[in-house]
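Asker: Before I ask anything, let me first share the structure, which is written out below as structure tokens.
All of the numbers you see were taken from the coordinates with simple rules; none came from a lab. Note that the structure is a prediction, hence the values are computed from the model and not measured. Here the Cβ is made from the backbone with ideal geometry for all residues, glycine too, and neighbour counts use every protein chain on show.
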Amino acid sequence: MRTILTVFRKEFFENLRDRRVLMSALLFGPLLGPVMLLFILQVVMQRGEAVTDKSVTVAVVGASEAPGLMKHLESQNIALEKVSLSEAQIRSAIQERKFEVVLRIPADFAQLWSRSAPAAVEMFADSSDQFGGQATGERVARVIDVYGRQIAQSRLLVRGVDPTVSLPIVVQDIDVSTPTSRAAFLLGILSYLVIFAMFFGGLYLAIDSTAGERERGSLESLLATPAHRPFIIYGKIIATLAYMTISLILTISGCAATLQFAQLEEFGMTVSLDLLTCLKIIAVSMPLAVLGAGMLTIVASFTKSFREAQSYLSIAISVPTLPLAFVGVLRIEPSATFMATPSLGQHLLITQIVRGETPTIGNILLSASVSVTLGLILCWIAGRLYQREAILG
Amino acid sequence: MITVEHLSKRFDKIEALRAVDFFAADGRITGLLGPNGAGKSTTLRLIATLLRADAGDVIIDGISVRKDPVGARRRLGVLSHSSGLYPQLTARENIAYFAELHGMQRDDIIRRSDELSRLLDMGDFMDRRAKGFSQGQKLKTALARAMVHSPRNLILDEPTNGLDVMAVRNLRTLLGRLRDEGHCVLFSSHVMQEVGLLCDDIVVIAQGRVTAAGSIDSLRTQARESNLEDAFVKLIGSAEGLN
């Protein structure tokens with residue numbers, strides 16, 4: 001037991017002096033998370049406000065035919081630019097991105113209008129231009145549609161008919177999302193950042209204490225001491241675990257500070273990473289760190305040099321983390337199978353906690369016990385590995 | 001005292017050692033001489049219990065490596081072919097780490113570190129980080145680390161590799177001092193002149209077999225050559241791998 005403590009202490013403090021380890025474990029991971037979170041929030045919010053509030057400019061051919069419609073469009077924050085173009089010219093103008101949307105009022109519009117006959121308006125837009133032509137086109141069409149309905153109702157009124165007969169059914173939108181749940185999809189990314197930073201924090205220590213030890217030539221001397229070999233590797237795994245934990249705590253603190261600063265309330269979302277929430281996230285993530293520390297150490301043990309270990313471990317880290325960047329989109333429900341899957345289970349738990357829900361004790365225990373059990377098995381395997389001759393390389 | 005008995009070791013298809021027998025006495029420096037790939041490192045690794053023998057045994061001060069590897073390790077100081085220090089730790093911390101792994105108590109560690117620092121003349125770099133050490137400083141630190149638990153037997157794998165002339169001289173003085181204190185010193189080398197200068201006894205090893213063993217004079221006699229170099233070449237079978 002003393003061996004474990006001795007090795008742990010040495011690895012922990014030696015690596016604390018190594019600038020390279022420090023940068024990756026305690027600076028890069030914890031900074032990367034909040035910075036990415038801020039970036040993503042920025043993008044999502046900008047997109048959210050972009051189409052509805054921004055003033056757009058629409059080119060109109062034959063505007064004089066429909067003065068009422070033009071007035072209505074302008075009242076809805078749509079600027080008009082009167083042009084005179086042929087159809088071919090309109091098409092090329094849109095392709096050249098001179099205009100996003102061009103309205104053409106046919107010459108017979110006023111005449112049809114005055115007879116209360118259906119009057120056509122042609123709208124040219126590029127639907128493959130998702131955030132330009134398509135979005136603006138939809139908005140213009142909506143505005144025209146509303147104007148059309150108003151006109152229809154006033155025409156009925158003039159003819160002595162109650163305009164409500166033209167509205168046999170009305171859909172009322174009732175949004176039941178809460179400010180917290182609205183933000184949750186955004187925070188699906190949070191679990192990815194947290195878990196990634198946690199793994200990354202242990203990366204260099206895992207490499208240094210195994211492949212690094214072999215590359216320096218200190219492994220042989222180390223294994224020639226009477227210390228029980230599995231205890232030596234357990235000490236190293238625990239040191240890796242400690243660095244992962246520190247990285248985890250720093251990352252969550254960083255994210256909490258970022259969210260404090262981002263003021264999501266203005267966008268109708270509340271996300272509070274208060275102290276209790278942070279502690280819960282750390283608690284559900286820790287079992288995965290046990291598994292992660294074992295995994296990193298074993299993978300690094302098979303490599304011959306620092307460089308080789310680095311490339312293998314980068315791949316090894318992406319196996320449990322990369323899928324998390326996408327599962328948010330898939331709407332995976334917390335079933336037992338998913339909960340028992342390491343990394344995915346933690347992701348689901350973190351997401352629930354961030355949404356302000358309380359995960360069931362059963363799910364927490366299931367996720368934790370699978371990860372810890374697998375982690376302990378890996379530690380045992382690592383111990384066996386260090387009793388083999390081949391470990392000398 | 002280290003006695004090697006019929007030691008055999010095979011790696012897959014390569015027979016590294018074939019029934020190696022020799023003896024390294026207390027109060028003497030024994031050199032394991034042979035060309036590269038002769039089996040020197042394998043022999044030392046088997047003695048250090050880093051590898052397990054397929055057949056045969058090593059007896060260290062009466063303890064069988066096979067039956068009690070941990071007991072054997074306690075009586076053995078091992079200096080591997082690269083000094084293998086931890087660059088972020090000071091010389092003192094490097095030594096203390098191994099002392100703790102040997103199960104030594106804090107007071108003993110402090111006392112023994114100071115003792116080794118005096119013995120190896122390490123005062124001026126004892127509390128500096130090993131990162132920027134010269135070859136000589138690295139060797140001294142590694143040697144102090146190997147001897148921190150006061151082992152009676154010391155094995156060194158090609159200790160002079162990469163050392164400058166002064167460092168080799170220092171090592172020579174040092175090993176001589178250890179011998180005079182009654183230690184059993186066993187080291188490997190492929191540099192013939194070095195072995196000739198340093199050793200009391202020589203074990204010549206080639207292709208996994210001991211081809212000759214004894215004092216320098218007795219080897220000359222065995223090979224019927226008055227020149228030491230000619231004697232070695234004759235005992236090894238060819239000059240290949242020697243320099």
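Asker: Viscosity 1.567 mPa s, temperature 4 °C: what is the translational diffusion coefficient of region A:303-393 from Stokes-Einstein with a Kirkwood Rh over Cα pairs, rounded to a whole number of µm²/s?
Answerer: 84 µm²/s
Asker: Which whole-number percent of Cα pairs in the protein assembly as shown have a distance greater than 31 Å?
Answerer: It works out to 66 percent of all Cα pairs.
Asker: Evaluate the distance, in nm, between pseudo-label points positioned 7 Å from the Cα of residue A:88 and of residue A:2 along their respective Cα→Cβ axes.
Answerer: For residue A:88 paired with residue A:2, the spin-label model returns 9.5 nm.
Asker: Work out the P(r) tail for region A:63-120: percent of alpha carbon pairs separated by more than 19 Å, whole number.
Answerer: 38 percent
Asker: Taking only the alpha carbons of region A:51-166, what extent do you get along each of the three principal axes, in Å, biggest first?
Answerer: 49, 30, 21
Asker: Over region A:51-166, calculate the relative contact order: mean separation of alpha carbon pairs under 8 Å at least 6 apart, over the residue count, as a percent.
Answerer: Relative contact order, region A:51-166: 25 percent.
Asker: Of A:351, A:251, how do they rank once you tally other Cβ atoms within 10 Å and put the fewest first?
Answerer: On the way: A:351 22, A:251 29.
Going from least to most buried by this count: A:351, A:251.
Asker: So which aspartates and glutamates pass the test for residue A:304, namely a Cα distance under 15 Å, with those fewer than 8 places away in the same chain ruled out?
Answerer: A:208, A:213, A:215, A:220, A:389
Asker: If the elastic network links every pair of Cα atoms under 10 Å, which of B:187, B:98, B:11 fluctuates the most in the Gaussian network model of chain B?
Answerer: Looking only at B:187, B:98, B:11, the largest GNM fluctuation is found for B:11.
Asker: Also: Using Cα pairs closer than 8 Å and at least 6 residues apart in sequence, work out the relative contact order for chain A, in percent.
Answerer: The value is 21 percent.
Asker: Same structure again: Using only the alpha-carbon atoms of region A:191-264 as identical scatterers, what base-10 log of I(q)/I(0) does the Debye formula give at q = 0.15 Å⁻¹?
Answerer: Evaluating at q = 0.15 Å⁻¹ gives log10 I(q)/I(0) of -0.61.
Asker: Nearest 500 deg cm²/dmol is fine: what mean residue ellipticity at 222 nm does chain A get from its DSSP H runs of n ≥ 4 alone, each adding -39,500 (n - 2.57), divided by its residue count?
Answerer: -21000 deg cm²/dmol
Asker: If I stretch the segment between residue A:146 and residue A:162 completely, what's the gain in nm (0.36 nm per residue apart, minus their alpha carbon distance), one decimal?
Answerer: Details: separation 16, 0.36 × 16 = 5.76 nm, distance 1.81 nm.
Result for the pair: 3.9 nm of gain on full extension.
Asker: Provide, for q = 0.10, 0.12 Å⁻¹, the log10 of I(q)/I(0) from a solvent-free Debye sum over equal Cα point scatterers in chain B.
Answerer: Scattering profile of chain B, log10 relative to I(0): -0.47, -0.68.
Asker: Run through all the Cα pairs of region B:3-55 and give the fraction in each 10 Å bin from 0, expressed as whole percent.
Answerer: Percent of Cα pairs in each bin: 23, 58, 18, 2.
Asker: Separate question: For the pairs A:10/A:280; A:10/A:236; B:9/B:40, flag any whose C-alpha to C-alpha distance is greater than 19 Å. Walk me through the numbers before you get to the answer.
Answerer: Values: A:10/A:280 30 Å; A:10/A:236 9 Å; B:9/B:40 12 Å.
Over 19 Å apart, Cα to Cα: A:10/A:280.
Asker: Tell me the label-point distance for the pair residue B:218, residue A:275, using the 7 Å Cα-to-Cβ offset, in nm and rounded to one decimal.
Answerer: The two pseudo-label positions are separated by 7.8 nm.
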